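Notes to accompany the following structure.
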Amino acid sequence: MRSRITGAGHYLPTRVVTNDDLSKRLPTIDEWIQQRTGIKERRYIEHSGIGASDLAVPASKMALAQAGLEPKDVQAIVFATLSPDVNFPGSACFLQQKLGCGQIPSLDVRNQCSGFLYSLSIADAWIRAGVYQNVLIVGAEVHSTGIDFSEHGRDVTVLFGDGAGAVVLQPTEHPTQGVRSVHLAADGVGAKELWLEAPASMYDPRLTVEMMEQRRHWPKMNGKQVFRWAVDKMPEIARAALSAQGMSPSDVDLFVPHQANMRINQAVAEKLGIPHDRVVHNIERYGNTTAATIPIGISESWKDGKIAEGSRVLMAAFGAGFTWGSAIVEF
Ligand code: UT7
């Protein structure tokens with residue numbers, strides 16, 4: 001038995017923020033952002049009070065509708081996010097209540113840009129082991145309330161946007177269809193190369209005015225280092241997934257990479273030998289929505305007809321941790 005993606009959904013807030021809009025708030029320009037990242041605009045929540053679980057509700061409903069399921073049919077939720085609604089409990093609990101699922105297990109996964117692939121691995125294992133049959137996987141982020149709109153944070157701030165994507169996983173006995181493999185990896189040597197340090201439980205108090213003056217409550221990134229690792233590790237782990245399935249890049253109908261930087265994805269696709277027209281990109285419209293990028297990419301591609309019955313889809317991600325992963329799914 002394998003698990004199979006039977007529905008996908010996505011939701012982006014309606015507030016469009018262009019590069020020119022950002023250049024009014026911090027020292028940056030459209031040309032720099034587009035040249036270095038491929039991003040033209042991103043979405044932000046419309047007002048305070050909207051959390052990752054709120055963005056996840058419409059994305060989940062769309063995924064459930066495609067799968068022909070009601071919220072009461074969901075047996076477990078896996079929610080990937082680095083920007084949970086509150087510090088605790090996890091956003092999966094909020095989503096469970098907002099969707100009106102029963103008292104089902106609801107789990108948050110904190111694996112940043114690789115969060116969706118880590119979640120897929122967990123849900124796939126549950127289904128293959130016969131533990132649950134209908135699992136909802138969500139990636140959702142609200143970044144716009146947690147980024148530094150000063151010149152100190154401009155490298156990070158221009159990259160990120162808010163959004164949500166979801167998929168439904170169910171069992172199948174089809175000989176080839178379904179989640180064929182998921183490969184995951186991590187190396188804590190990069191833990192401080194992309195991180196948000198404070199508030200931190202290892203400090204007492206967890207957050208001080210001094211720490212805020214030192215800007216330690218904003219995300220920090222060593223962009224060049226992250227870029228180098230991503231371009232190295234994404235093809236490596238994508239090849240591991242392909243070779244585990246006896247597949248070559250020419251067998252891939254669609255490549256859905258994490259959307260962190262258009263240049264990273266072009267380099268990864270080139271290294272793998274996957275032509276441009278088989279690579280999904282929406283970073284120009286949404287920026288980096290972290291755990292949401294891959295399920296948004298799957299949902300949009302399915303709605304656009306780029307994914308159809310029998311499509312073999314390769315996914316790969318790299319991000320904070322460092323964590324990275326890949327998956328091959330036949331639809
Ligand atoms: O999904 C999570 C994983 N994240 C990633 O994968 C991101 C990986 N890294 C990257 O995508 C790239 O490193 C960035 C797009 C973040 C930066 O591109 P870069 O080519 O590595 O630029 P840089 O950091 O070396 O900065 C080049 C220049 C610097 O100025 P000087 O020192 O040359 O005078 C920066 O201060 O660009 C400046 N700069 C900016 N200028 C205008 C940095 N951010 C901005 C900005 N607007 N937003």
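The values are calculated or read from the model by the stated rules, or taken from the named source; none is laboratory data. None of these values were measured; they are calculated from a predicted model. Cβ coordinates were reconstructed from backbone atoms using ideal geometry, including for glycine residues, and neighbour counts include every protein chain displayed. Note: accessible area is taken over every heavy atom of the protein model, side chains too, but ligands, DNA and RNA are not part of it. Shrake-Rupley method; radii C 1.70, N 1.55, O 1.52, S 1.80 Å.
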Check your understanding: Roughly how many Å² of Lys233 are accessible to a 1.4 Å probe, to the nearest 10?
Key -> 40
Review point. Given H placed on each backbone N at 1.01 Å, which residues far from Gly163 in sequence or on other chains put an amide H within less than 5 Å of it?
Key: Glu141, His143
Review point. Using the beta-carbon distance between Glu151 and Met202 and R0 = 35 Å, what value does 1/(1 + (r/R0)^6) give for FRET efficiency, to the nearest 0.05?
Key: 0.75
**Study point:** 24 Å Cα cut-off, lysine pairs counted over the range 2-172 (separation 8 or more, or different chains)
**Key:** 4
**Study point:** Accessible area per residue, Å², the range 2-172 with all protein chains present, probe 1.4 Å
**Key:** 39
Check your understanding: Using the eigenvalues of the Cα gyration tensor, what equivalent ellipsoid semi-axes result for the chain when each is taken as the square root of five times the eigenvalue, whole Å, largest first?
Key -> 30, 24, 18
Study note, to complete from the structure: Note: the range 178-330, point scatterers on Cα, Debye, no solvent; log10 I/I(0) at q = 0.12, 0.13, 0.14, 0.21 Å⁻¹ equals -0.55, -0.63, -0.70, -1.31
Revision key, fill the gap. Helix 262-272: inclination vs the chain longest Cα principal axis, degrees, rounded to 10, gives 40
Revision key, fill the gap. Taking every DSSP bridge whose two residues both lie in the chain, the antiparallel percent to the nearest 5 is 70
Review point. For the chain, what % of the accessible area comes from carbon and sulfur atoms, probe 1.4 Å?
Key: 50
Revision key, fill the gap. Cα-only Rg/Rh for the range 1-57 with Kirkwood Rh rounds to 1.16
Practice item. Mind grabbing the accessible area of Leu69 for me, 1.4 Å probe, Å², rounded to tens? Key: 30
**Study point:** Dipole moment magnitude, nearest 20 debye, the chain about Cα centre, only Lys, Arg, Asp, Glu C-beta charged
**Key:** 260
